[in-house]
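Some notes on the structure that comes next.
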Amino acid sequence: MMLEVEDIHTYYGESRALSGVSLAVDEGETVCLLGRNGAGKTTTLSSVVGIVPPSQGTVRFRGEDITRRPAHAITRMGICLVPEDRRIFGDLSVAENLEVALYRGPRQATWSLERVFDEFPVIAEFKDRPGKTLSGGEQQMLAIARALVGQPELLLLDEPSEGLAPVIVHQIGRLLASLSASTTILFTDQNLAFALKHAQRCYILAKGEVVYEGPAATLREDPELQERYLSVA
Ligand code: ATP
């Protein structure tokens, strides 16, 4: 397994957000984390990358215990997160946003700045503009590109389609589909159709616990299961 999360408990101060979450992602898989607002999806990703370390339980990457490593060390090992709020540096140019995230280290680099400019024409076009002048969809592309120049072996995406117009969601979907051919991906999304289209397997979280795990196809064909854990009503 590339990523193994075993029985993690994560708190914000006194308040418990995760109560014994376990999940695993194998090399080459695209896995989705689903659940209603507040179920613990973001916290799970934050726990994996060391932003909000779990107080109990273990996170392993390629068999190595990374549970209490600092976030920057985890990123350098090859787990790169595209956060929900994108965290684009608004006053830096698009190119500078990428340069600050460019991985320089012993792991093999497959995403050079040149390759990003080739494969993301919109980023090449706007490379000298301040990040804050980009639209929501362009910022999401930049956030993904910035994670890629970190040379991820495991790419984590938190709600990549959130707040974007359908045509942009479609573009993000195409990008995800092409990335999934070469990268292992764990992502969260509120858009069930989008998630089930792009994931092979999914986990559903409710109140900080995993309540379902299975193939995306099974969940797609089971409206009762979708209703039970995912409907907002
Ligand atoms: P959303 O889709 O709304 O982001 P989520 O499934 O990602 O939901 P989390 O953001 O992980 O859920 O939240 C899990 C729980 O932790 C919720 O009860 C939330 O209120 C709480 N929580 C999240 N962030 C914080 C924080 N910074 N401080 C305190 N509590 C938090």
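The values are calculated or read from the model by the stated rules, or taken from the named source; none is laboratory data. Every value quoted in this text rests on a predicted model; they were computed, and no experiment measured them. Positions of Cβ are backbone-derived with ideal geometry, glycine not excepted, and every protein chain shown enters the neighbour counts. Surface areas here come from the heavy atoms of the whole protein model, side chains and all, with no ligands, DNA or RNA. Shrake-Rupley method; radii C 1.70, N 1.55, O 1.52, S 1.80 Å.
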Could you list all residues from region 10-25 that are surrounded by fewer than 21 Cβ atoms within 10 Å (Cβ to Cβ), within 22 Å of Cys80 (Cα to Cα) and among the polar types (S, T, N, Q)?
Ser22
Please tell me if Lys207 is of a type in the set (D, E, K, R), within 16 Å of the ligand (Cβ to nearest atom) and in contact with a Ser or Thr (Cβ under 9 Å, 6 or more places away or on another chain).
yes
Can you list residue pairs whose Cβ atoms sit under 7 Å apart, with the first residue in region 204-233 being touching a residue at least 40 places away in the same chain (Cβ under 8 Å) and among the charged types (D, E, K, R) and the second being surrounded by fewer than 17 Cβ atoms within 10 Å (Cβ to Cβ) and assigned to a helix (DSSP H, G or I)? Count only pairs 6 or more apart in sequence or on different chains.
none
Expected output for region 131-145 (first residue over 15 Å from Pro121 (Cα atoms), partner aromatic (Phe, Trp, Tyr), Cβ below 6 Å, 6+ apart or cross-chain) is Gly131/Phe89
What are the pairs, 6+ residues apart or on separate chains, where a residue within region 62-83 that is farther than 20 Å from Phe187 by Cα has its Cβ under 7 Å from a residue that is part of a loop (DSSP other than H, G, I, E, B) and open to solvent by less than 60 Å² (accessible area, probe 1.4 Å)?
Arg69/Gly50; Pro70/Gly50
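So is Pro152 more than 23 Å from Arg220 (Cβ to Cβ) and within 12 Å of the chain's Cα centre (by Cα) or not?
On the way: more than 23 Å from Arg220 (Cβ to Cβ): yes; within 12 Å of the chain's Cα centre (by Cα): yes.
Yes; evaluated as a whole, the condition is true for this residue.
So, in region 38-54, of the ones that are under 13 Å from the mean Cα position of the chain (by Cα) and near the ligand (Cβ under 6 Å from one of its atoms), which residue ends up most open to solvent (accessible area, probe 1.4 Å)?
Of the residues in region 38-54, the ones under 13 Å from the mean Cα position of the chain (by Cα) are 41-49.
If we keep only those that are near the ligand (Cβ under 6 Å from one of its atoms) as well, we get 41-43.
On the way: Lys41: 12, Thr42: 53, Thr43: 12 Å².
Per the criteria, the residue is Thr42.
Within the group Gly35, Gly28, Gly78, which residue is away from the ligand (no atom under 16 Å from the Cβ) and open to solvent by less than 10 Å² (accessible area, probe 1.4 Å)? Please lay out each step first, then the result.
On the way: Gly35 fails: away from the ligand (no atom under 16 Å from the Cβ); Gly28 fails: open to solvent by less than 10 Å² (accessible area, probe 1.4 Å).
Within the list Gly35, Gly28, Gly78, the selection yields Gly78.
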